[in-house]
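J.: First, the structure itself, so that you have it in front of you.
No lab work stands behind these numbers, since they all come straight from the coordinates. What you are looking at is a predicted structure, and each value in this text was computed from that prediction instead of being measured. When we count neighbours, we look across all protein chains shown, and the Cβ atoms used for this are built from the backbone with ideal geometry, even at glycine.
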Amino acid sequence: MIVVTGATGNIGRPLTQALAEAGQQVTAVSRHTAAVPNGVRHVPADLAKPASLKPALAGAKALFLLLSGDLHATGANPADIIREAAASGVRRVVLLSTLGVVTRPSGHTRIAMRALEDMLRESDLEWAILRPGGFASNALWWAESVRAQQVVAAPFGDVGVPIIDPADIAAVAAACLLDDRHTGTVYELTGPEVITPRQQADAIASALGSPVRFHELTRDEAKTAMTQSMPAELADDTLDILGSPSPAELRVSPDVQQVLGHAPRPFADWAARNVAAFR
């Protein structure tokens with residue numbers, strides 16, 4: 001059995017589906033009750049309380065660990081999740097980390113994530129670590145304004161990074177969970193090309209078949225909007241990357257191609273599959 005945390009999100013949902021279609025027994029973990037594919041078991045758990053994972057981990061051989069906001073929860077100790085998994089008999093952990101642990105290692109959250117990576121590497125478990133850059137699904141932040149006003153509002157309109165489709169992250173995660181060849185590997189995951197917010201707006205317009213206007217926000221305007229859903233420190237970190245990406249953050253990684261045998265999906269593909277969110 002394979003346990004997938006964050007199973008109802010942009011990565012966990014397609015990962016759960018892919019594993020189920022591959023004939024695996026899957027336990028989907030999320031904080032709240034949610035619909036899952038047929039044949040998949042769902043277990044609610046709070047990752048900030050690792051002991052709550054015990055019912056999900058019983059009998060599991062592998063774990064996909066996606067921490068999301070739980071890494072930043074007061075008093076959270078994600079290392080306890082790995083210890084809990086090992087104590088339950090889990091043999092393999094695939095950890096969703098972030099490219100920022102190598103490109104901008106001094107941030108508080110990235111220091112914590114790198115420490116978790118190191119703890120996993122030093123354990124007796126089989127492991128793989130995935131380090132994606134920015135997600136194509138972050139464009140869903142614009143869905144409401146596109147639906148209401150046909151506008152994408154974002155800072156740094158002509159500064160791009162090679163954002164990745166979460167479906168590709170899920171596919172790489174599935175390969176790492178199922179194939180021993182990926183044990184002990186660290187993969188940096190990006191999309192196929194650098195794409196700017198203005199170009200993303202054009203791709204959304206093409207998917208819709210109707211015009212979408214781009215409105216450039218100042219950094220302060222963007223931070224005000226972002227801090228409604230994330231800590232100010234994380235908003236500043238994100239804006240630093242979006243406004244002044246380093247050469248390492250602009251690099252298009254070959255790792256998706258290496259693992260999956262095909263190039264990562266472009267943003268236009270993600271926009272076409274998710275166009276209903278913008279209508």
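J.: Can you give the angle from 0 to 90° between the axis of helix 108-121 and the longest principal axis of the chain, with both taken from C-alpha atoms, to the nearest 10?
T.: Helix 108-121 sits roughly 30 degrees off the main axis of the chain.
J.: Let me ask you something else. Taking a temperature of 4 °C and a viscosity of 1.567 mPa s, what whole-number D in µm²/s does Stokes-Einstein yield for the chain with Rh from Kirkwood over alpha carbon pairs?
T.: Details: Rh = 19.4 Å.
Once the numbers are plugged in, D ends up at 67 µm²/s.
J.: Counting pairs of alpha carbon atoms under 8 Å apart in space and at least six apart in sequence, what relative contact order in percent does the chain give?
T.: The value is 17 percent.
J.: Here's a follow-up. Taking Cα pairs under 8 Å and at least six residues apart, what relative contact order does the range 193-279 come out at, in percent? Please list the in-between numbers first.
T.: Working: 43 pairs, mean separation 37.3, N = 87.
Across the range 193-279, relative contact order equals 43 percent.
J.: Calculate, in nm to one decimal, what residue 279 and residue 124 gain on full extension: separation in residues at 0.36 nm each, minus their alpha carbon distance.
T.: Numbers: separation 155, 0.36 × 155 = 55.80 nm, distance 4.86 nm.
Full-extension gain reported as 50.9 nm.
J.: Toward the positive end of the charge dipole of the chain, about the Cα centre and with charges on Cβ (Lys, Arg +1; Asp, Glu -1), which of 43, 125, 94 goes farthest?
T.: So the residue we want is 43.
J.: Place +1 on the Cβ of every Lys and Arg and -1 on the Cβ of every Asp and Glu in the chain, take the dipole about the Cα centre, and give the residue among 214, 154, 4 whose Cα lies farthest towards its positive end.
T.: 4
J.: For the range 2-101, give the magnitude of the charge dipole about the Cα centre (Cβ charges: +1 Lys/Arg, -1 Asp/Glu; no others), in debye to the nearest 20.
T.: Magnitude of the dipole: close to 180 debye.
J.: In whole percent, what relative contact order does the range 121-209 give with Cα contacts below 8 Å and a gap of six or more residues? Display every interim value, and only then the final one.
T.: Details: 102 pairs, mean separation 37.7, N = 89.
So the answer I get is 42 percent.
J.: Return, for the Cα atoms of the range 135-231, the radius of gyration and Dmax in Å, separated by a comma.
T.: Looking at the range 135-231, its Cα Rg and Dmax stand at 16.4, 49 Å.
J.: With everything on Cα atoms, drop me the angle between helix 166-178 and the longest principal axis of the chain, reported from 0 to 90° to the nearest 10.
T.: Tilt relative to the chain: about 20 degrees.
J.: Here's another thing I want to ask about it. To the nearest 20 Debye, how big is the dipole of the range 170-220 about its Cα centre, given +1 on the beta carbon of each Lys and Arg and -1 on that of each Asp and Glu?
T.: Values: 4 positive and 7 negative charges, 38 e Å.
So the dipole magnitude of the range 170-220 works out to roughly 180 debye.
J.: Next up: Any idea which of 246, 134, 59 is furthest toward the positive side of the dipole for the chain, if Lys and Arg beta-carbons carry +1 and Asp and Glu beta-carbons -1?
T.: Final value for the positive-end residue is 59.
J.: Another question, if that's okay. In a shell of Cβ-Cβ distance under 12 Å around residue 189, excluding residue 189 itself, what net charge do Lys and Arg (+1) and Asp and Glu (-1) give? Provide the component values of the computation, followed by the final result.
T.: Values: positive: 131, 251, 265; negative: 165, 168, 188, 255.
Neighbour charge sum, excluding residue 189 itself: -1.
J.: Right, here's the next one. If you project the alpha carbons of the range 122-172 onto their three principal axes, what span does each projection cover, largest first, in Å?
T.: Principal-axis extents of the range 122-172 (Cα, largest first): 53, 22, 16 Å.
J.: For the range 167-279, compute Rg over Rh where Rg is the Cα radius of gyration and Rh is the Kirkwood radius from the inverse mean 1/r over Cα pairs.
T.: 1.02
J.: Per the Kirkwood treatment, what hydrodynamic radius in Å, one decimal, follows for the range 228-279 from the mean inverse distance over all distinct Cα pairs?
T.: Taking the inverse mean of 1/r over all distinct Cα pairs, the range 228-279 comes out at 14.1 Å.
J.: For residue 80 and residue 215 in one chain, what is 0.36 nm times their gap in residues minus the Cα-Cα distance, to one decimal in nm?
T.: Details: separation 135, 0.36 × 135 = 48.60 nm, distance 4.40 nm.
Full extension from residue 80 to residue 215 adds 44.2 nm.
J.: About its Cα centre, what dipole magnitude does the chain give when the only charges are +1 on Lys and Arg Cβ and -1 on Asp and Glu Cβ, stated in debye to the nearest 20? Mind dumping the intermediate values first?
T.: Numbers: 24 positive and 29 negative charges, 131 e Å.
The dipole magnitude comes to about 620 debye.
J.: Sort the range 1-152 into rounded, prolate or oblate with this rule: let a ≥ b ≥ c be the square roots of the eigenvalues of the Cα gyration tensor; rounded if a/c is under 1.5, and if a/c is not under 1.5, prolate when a/b is larger than b/c, oblate otherwise. List each step's numbers first, then the result.
T.: Numbers: a/c = 1.83, a/b = 1.18, b/c = 1.55.
Oblate.
J.: Ok, one more. Would you please calculate the Kirkwood hydrodynamic radius of the range 82-177 over all C-alpha pairs and express it in Å, rounded to one decimal? Don't jump to the answer; show the numbers that get you there.
T.: Numbers: mean 1/r = 0.0633 Å⁻¹.
One decimal place: 15.8 Å for the Kirkwood radius.
J.: Go ahead and estimate [θ] at 222 nm for the chain from helices alone: -39,500 (n - 2.57) per DSSP H run with n ≥ 4, summed, over the residue count, rounded to 500. Mind dumping the intermediate values first?
T.: On the way: 13 runs with 110 residues, N = 279.
That calculation yields -11000 deg cm²/dmol at 222 nm.
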